[in-house]
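Engineer: Below is the structure I would like to discuss, written out as structure tokens.
The values are calculated or read from the model by the stated rules, or taken from the named source; none is laboratory data. This is a predicted model, so every value here is computed, not measured. Please note: Cβ atoms are built from the backbone with ideal geometry, for glycine as well, and neighbour counts cover all protein chains shown. Ligands, DNA and RNA are stripped out before the accessible areas are found, and what is left, the full protein with its side chains, is counted by its heavy atoms. Shrake-Rupley method; radii C 1.70, N 1.55, O 1.52, S 1.80 Å.
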Amino acid sequence: MMKNPLHPSHSRSFKPLFGTLLMLAAFSGQVQAQGFPSKPVRIVVGFAAGGSTDKLARVMSKRMGELLGQSVVVENRPGAAGNLAAEVVAGAPADGYTLFMTTLSSQAINPHIYSKLRFDPVKSFEPISLVAKYPLLLVVAPQLKVNSVQELIAYVKKSDQQSFFSSAGSGSPAHLAGEMFKARTGANLQHVPYKGGSPALLAVMANEAQFAFETIPSAIGQTKGGKLKPLAVSSSARSTAAPELPTLQEEGLSQFVVTSWAGLVAPAGTPRDVLEKLNQATQQTLATPAVNAALVADGAEPAGGSSAEFARFLSQEFKSWGDVVRSAQVKLD
């Protein structure tokens, strides 16, 4: 009679084999991490070249490449407020060679405004590190005769005609900031979405829209050139890039804080040792004086931190922005 190989009498012979397999798996992971990276790493950005997220990725990529000993290239995959790029990275091999410069939109807003996504904001990714935060600038057309937030509120509330605010697209942080402003002031405002921050700002310059919220890196050049008039920042404290500007809270809108952000994630299942190596490279990059200075000059606030801290941050942002989206009743499909 053929002996059953699964009979308890044979369990002793299987234990050494099982232990050997575990050791081989652990050794394989260590070798992968030690040899990582052995080829270029790409950072996928969900927006067009020239925007704040793209600028951040490009400033980071050179120094990260030096630290990792391999080229770090930036790949732009604009579309659907970052959803297209998120899908690309979610479906990429979990080996650390494809990273996503994720943002507030793709991780904390889009899951609440789109009924169907081809990625899960939590299950599809492994957090690496928060990279930077971006206060938003409230800007108006230079020809508009307002010089403060309260004057803008008085203008849009007193105007016989409906006033407009522009944004980089429906469901964007700038759009939701405008909806919050509308709700808080009770003004008769209409949102006008554009395909990106640049055309949204051009609409304000032409006074087709009376105001807009936009990230400091995207808007600060136009304010310094006199093409836009800045009134306030949306962060809880004044920005080092524009310390002369008050916060919206200082201007009488208590607890009005909107901060955009960007961070690095990898596909789910990426080995822990590889994630740790990428986190270390990110922290060292952010600590590099030239990189830090470039980000601050562009209006970004360098962040950093551990993968665990970023995971907790993502969870908090997902919850709080879900509340904002439901309150604004924004839904896209």
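Engineer: Which aspartates and glutamates have a Cα lying under 17 Å from the Cα of LYS227, excluding residues fewer than 8 positions away in the same chain?
Structural biologist: The reachable aspartates and glutamates, counting only those whose Cα sits under 17 Å from LYS227, are GLU208, GLU214.
Engineer: Shape of segment 36-90 from its Cα gyration tensor (a ≥ b ≥ c, root eigenvalues): rounded if a/c is under 1.5, otherwise prolate when a/b > b/c, or oblate?
Structural biologist: Working: a/c = 3.48, a/b = 1.60, b/c = 2.18.
Oblate.
Engineer: Okay, next question. Protein chains only, probe 1.4 Å: how do HIS112, HIS175 rank by accessible area, largest first?
Structural biologist: HIS112, HIS175
Engineer: Follow-up question, since we're still on this one. Distance from a point 7 Å along Cα→Cβ of ALA48 to each backbone N in segment 208-222: keep the residues under 20 Å and list them by number.
Structural biologist: 208-209, 212-222
Engineer: Taking each pair of different alpha-carbon atoms in the chain once, compute 1/r for the pair, average those values, and report the inverse of that mean as the Kirkwood hydrodynamic radius in Å to one decimal.
Structural biologist: Its Kirkwood hydrodynamic radius stands at 21.4 Å.
Engineer: Hey, what angle do you get for helix 52-68 against the long axis of the chain, alpha-carbon based, 0 to 90 degrees rounded to 10?
Structural biologist: The helix 52-68 is inclined about 30 degrees to the chain.
Engineer: Over the chain, what is the relative contact order in whole percent, taking alpha-carbon pairs under 8 Å and six or more residues apart?
Structural biologist: With pairs under 8 Å counted, the relative contact order is 25 percent.
Engineer: Among the aspartates and glutamates, which have Cα under 17 Å from the Cα of LYS116 when same-chain residues fewer than 8 positions away are ignored?
Structural biologist: GLU87, ASP333
Engineer: Mind checking which lysines have their Cα closer than 18 Å to the Cα of LYS158? Skip sequence neighbours fewer than 8 apart in that chain.
Structural biologist: LYS145, LYS182
Engineer: Under the 0.36 nm per residue contour assumption, what length would be gained going from the current alpha-carbon distance of GLU151 and ALA237 to full extension?
Structural biologist: Length difference between fully extended and current span is 28.8 nm.
Engineer: Related question: Among LYS133/LYS224; LYS55/LYS331; LYS123/LYS277; LYS133/LYS229, which pairs are too far apart, with a Cα-Cα distance over 26 Å?
Structural biologist: Long pairs (Cα-Cα over 26 Å): LYS55/LYS331.
Engineer: A further question follows. Using only protein heavy atoms and a 1.4 Å probe, report how much of PHE165 is accessible, in Å² to the nearest 10.
Structural biologist: About 0 Å², rounded to the nearest 10.
Engineer: Under the rule of -39500 (n - 2.57) per DSSP H run of 4 or more residues, summed and divided by the residues of the chain, what mean residue ellipticity at 222 nm is obtained, to the nearest 500 deg cm²/dmol? All intermediate terms of the calculation are to be shown ahead of the outcome.
Structural biologist: Working: 11 runs with 142 residues, N = 333.
Estimated from H runs of four or more residues: -13500 deg cm²/dmol.
Engineer: At 0.36 nm per residue, and after removing the present C-alpha to C-alpha distance, how many nm does the segment from GLN284 to ALA206 gain when stretched out fully?
Structural biologist: Result for the pair: 23.8 nm of gain on full extension.
Engineer: So what is the relative contact order for segment 22-151, in percent, with contacts set as C-alpha pairs under 8 Å and at least six apart?
Structural biologist: 23
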